[in-house]
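Engineer: I'd like to ask you about the structure that follows.
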Amino acid sequence: MLCEFCGEEEATVHLTELVNGKISEFHLCVKCAEKKGVQSPSLSEPFSSLGALLSGVIEELALNEPVEKGTTCPGCGASYFEFKKTGRLGCPKCYNTFQKQLKSLLRKIHGNTRHTGKRPVIAPISAVPAQDLELEKLKKELTKAIEKEEFERAAELRDKIKQGGTKNNG
């Protein structure tokens, strides 16, 4: 996509502006963005890494996270302060060491600490918890029961779904 202003360079800066409830989008090259007064340290150089991008978000959201001073990961020696600074954990044991803070941070970022969205179609069955598969199956059965107007069966399935599913689908 070419820059909307000069029409010569590739548009690499994409701005979204909200004024009085009206959304406007602009696609500019770096030169035109600078001429228009768009100021960002990342205009001339892309993010060095995903960790660099995330560290700013993490630093902002994790400012008030309580962490005991001197708490370090027993596996790699990393501190939560280092994680906030870099956006990277040092090793798998960091997840357990900083579990409380990470859960709070994930809740702030995603609104939840458990994945509840879609999963890839090609995800191996072993990657999906059995309870989730069972709940999906029960929900499909519920839909079929309602379509067939089998309301007693639908009520049973609804109750099983509310309980989180059971192994006995009888």
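Engineer: For a quick check of your reading of the model, give me the residue pairs whose first member lies in the range 134-162 and is without any contact (Cβ under 8 Å) to a residue 60 or more places away in the chain, whose second is open to solvent by 70 Å² or more (accessible area, probe 1.4 Å), with beta-carbon atoms closer than 6 Å and at least 6 apart or on different chains.
Structural biologist: A154/I146
Engineer: Considering the range 6-35 alone, what residues qualify as being part of a strand (DSSP E or B) and either among the acidic types (D, E) or touching a Gly at 6+ places or on another chain (Cβ under 6 Å) (or both)? Break it down into steps so the answer makes sense when it comes.
Structural biologist: Let us first name the residues in the range 6-35 that are part of a strand (DSSP E or B), namely 10, 13-19, 22-28.
Once the filter is applied, which keeps residues that are part of a strand (DSSP E or B) and either among the acidic types (D, E) or touching a Gly at 6+ places or on another chain (Cβ under 6 Å) (or both), the range 6-35 yields E10, E17, E25.
Engineer: Which condition does I58 not pass, out of (1) modelled with pLDDT under 60; (2) open to solvent by 50 Å² or more (accessible area, probe 1.4 Å); (3) closer than 29 Å to D132 by Cβ, if it passes all the others?
Structural biologist: Unmet for I58, out of (1) modelled with pLDDT under 60; (2) open to solvent by 50 Å² or more (accessible area, probe 1.4 Å); (3) closer than 29 Å to D132 by Cβ: (2).
Engineer: Among the numbered criteria (1) outside any helix (DSSP H, G or I); (2) in contact (Cβ under 8 Å) with a residue 12 or more places away in the chain, which one does L105 miss?
Structural biologist: (1)
Engineer: Of all residues in the range 2-27, which are touching a strand residue (DSSP E or B) at 6+ places or on another chain (Cβ under 9 Å), exposed (fewer than 10 other Cβ atoms within 10 Å of the Cβ) and of a type outside the set (A, V, I, L, M, F, W, C)?
Structural biologist: T16, E17, S24, E25
Engineer: How about the range 5-53: which of its residues are at pLDDT 75 or above, among the polar types (S, T, N, Q) and under 26 Å from the mean Cα position of the chain (by Cα)?
Structural biologist: The answer is T12, T16, S24.
The values are calculated or read from the model by the stated rules, or taken from the named source; none is laboratory data. Because the structure is predicted, anything quoted here is derived from the model rather than measured. Don't worry about glycine lacking a Cβ; one is built from the backbone with ideal geometry, like all the others, and counts go over all protein chains shown. Note: accessible area is taken over every heavy atom of the protein model, side chains too, but ligands, DNA and RNA are not part of it. Shrake-Rupley method; radii C 1.70, N 1.55, O 1.52, S 1.80 Å.
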